[in-house]
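> Here it is, the structure, as structure tokens.
The values are calculated or read from the model by the stated rules, or taken from the named source; none is laboratory data. Here the structure is a predicted model, which means the values were calculated and not measured. Virtual Cβ from ideal backbone geometry, glycine too; neighbours counted across all protein chains shown.
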Ligand code: DC
């Protein structure tokens, strides 16, 4: 299990940027599990299914085929990499991901990808449910204000009409839903290295992670990173 690194945390904590770069530095592959939930949400939206409609969700899950091609994510032949990044799909993915049927279905897929090894896997339950046995677990966090500011900047760059206040509120709502749901809530455990990224640059976060990988005795195989 030494070659699986899990990175959990709330949205806006910098997980994706850090995980992608970390994987590149280590020569590892990178699995963005949020993108998988977003892909399901995209399909739910396309098919006009209510996220509370269990039967509808079941049909979608039976028919959905999610694959990765480098950085691209493909759903039943359609490249949805861009489509899944909107606020609407973010919101819907948070609702859809609270459904046990969805999590059960995606569990196997994530295990299979991760077990190939040499992977940075990032999400909300990667160190608690998907790879609880992984030895290299991190939890990235940041203040609501900082996470809101980062998200607001992204949304503005995409031309979205929103305010910082609304963006922070959306983040609070999403956090609340992701952390209080019954099924695999976002949770920090004692065996995760906690990093508050509020006042750190991406490089500083990466360097903290690299230091942990080198110094903790269980990470001896990372001596040459
Ligand atoms: O990280 P993200 O914003 O792309 O994730 C979108 C949603 O998917 C998030 O609100 C919660 C859900 N998610 C999850 O429940 N479990 C994961 N491992 C990853 C994401």
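> Looking at the stretch 69-86, which of the residues that are touching a helix residue (DSSP H, G or I) at 6+ places or on another chain (Cβ under 6 Å) and part of a strand (DSSP E or B) is farthest from the ligand (Cβ to nearest atom)?
Out of the qualifying residues, it is 75.
> Pick out the one residue from 24, 43, 58, 15 that is surrounded by fewer than 19 Cβ atoms within 10 Å (Cβ to Cβ) and touching a strand residue (DSSP E or B) at 6+ places or on another chain (Cβ under 9 Å). Working first, answer last.
Working: 43 fails: surrounded by fewer than 19 Cβ atoms within 10 Å (Cβ to Cβ); 58 fails: touching a strand residue (DSSP E or B) at 6+ places or on another chain (Cβ under 9 Å); 15 fails: surrounded by fewer than 19 Cβ atoms within 10 Å (Cβ to Cβ).
Exactly one of 24, 43, 58, 15 is surrounded by fewer than 19 Cβ atoms within 10 Å (Cβ to Cβ) and touching a strand residue (DSSP E or B) at 6+ places or on another chain (Cβ under 9 Å), namely 24.
> Now, a different point. Out of 127, 148, 114, which single residue is under 27 Å from residue 63 (Cβ atoms) and surrounded by 14 or more Cβ atoms within 10 Å (Cβ to Cβ)? Step through it out loud before you land on a result.
Working: 127 fails: under 27 Å from residue 63 (Cβ atoms); 148 fails: under 27 Å from residue 63 (Cβ atoms).
Being under 27 Å from residue 63 (Cβ atoms) and surrounded by 14 or more Cβ atoms within 10 Å (Cβ to Cβ) holds for just one of 127, 148, 114, which is 114.
> Of the residues 154, 161, 133, 122, which is without any contact (Cβ under 8 Å) to a residue 40 or more places away in the chain and either in contact with a strand residue (DSSP E or B) (Cβ under 9 Å, 6 or more places away or on another chain) or within 16 Å of the ligand (Cβ to nearest atom) (or both)?
154
> Oh, and also: Please pick out the residue among 209, 195 that is surrounded by 18 or more Cβ atoms within 10 Å (Cβ to Cβ) and not in a helix (DSSP H, G or I).
Testing whether each residue is surrounded by 18 or more Cβ atoms within 10 Å (Cβ to Cβ) and not in a helix (DSSP H, G or I) leaves just 195.
> Return yes or no: is residue 102 under 22 Å from residue 196 (Cα atoms), buried (at least 19 other Cβ atoms within 10 Å of the Cβ) and either modelled with pLDDT of 95 or more or within 14 Å of the ligand (Cβ to nearest atom) (or both)?
no
> Something else about it: Please go through the stretch 87-103 and pick out each residue that is without any contact (Cβ under 8 Å) to a residue 60 or more places away in the chain and farther than 15 Å from residue 55 by Cα.
Hits for the stretch 87-103 are 88, 89, 92, 93.
> Oh, and also: Do the conditions hold for residue 35, that is, is it closer than 30 Å to residue 203 by Cα, more than 12 Å from the ligand (Cβ to nearest atom), touching a residue at least 24 places away in the same chain (Cβ under 8 Å) and surrounded by 14 or more Cβ atoms within 10 Å (Cβ to Cβ)?
Answer is no for this residue.
> Looking only at the stretch 14-32, which residues are out of contact with any helix residue (DSSP H, G or I) (no Cβ under 9 Å at 6 or more places or on another chain) and within 13 Å of the ligand (Cβ to nearest atom)?
If the condition is that a residue be out of contact with any helix residue (DSSP H, G or I) (no Cβ under 9 Å at 6 or more places or on another chain) and within 13 Å of the ligand (Cβ to nearest atom), then 19, 20 are the ones that fit.
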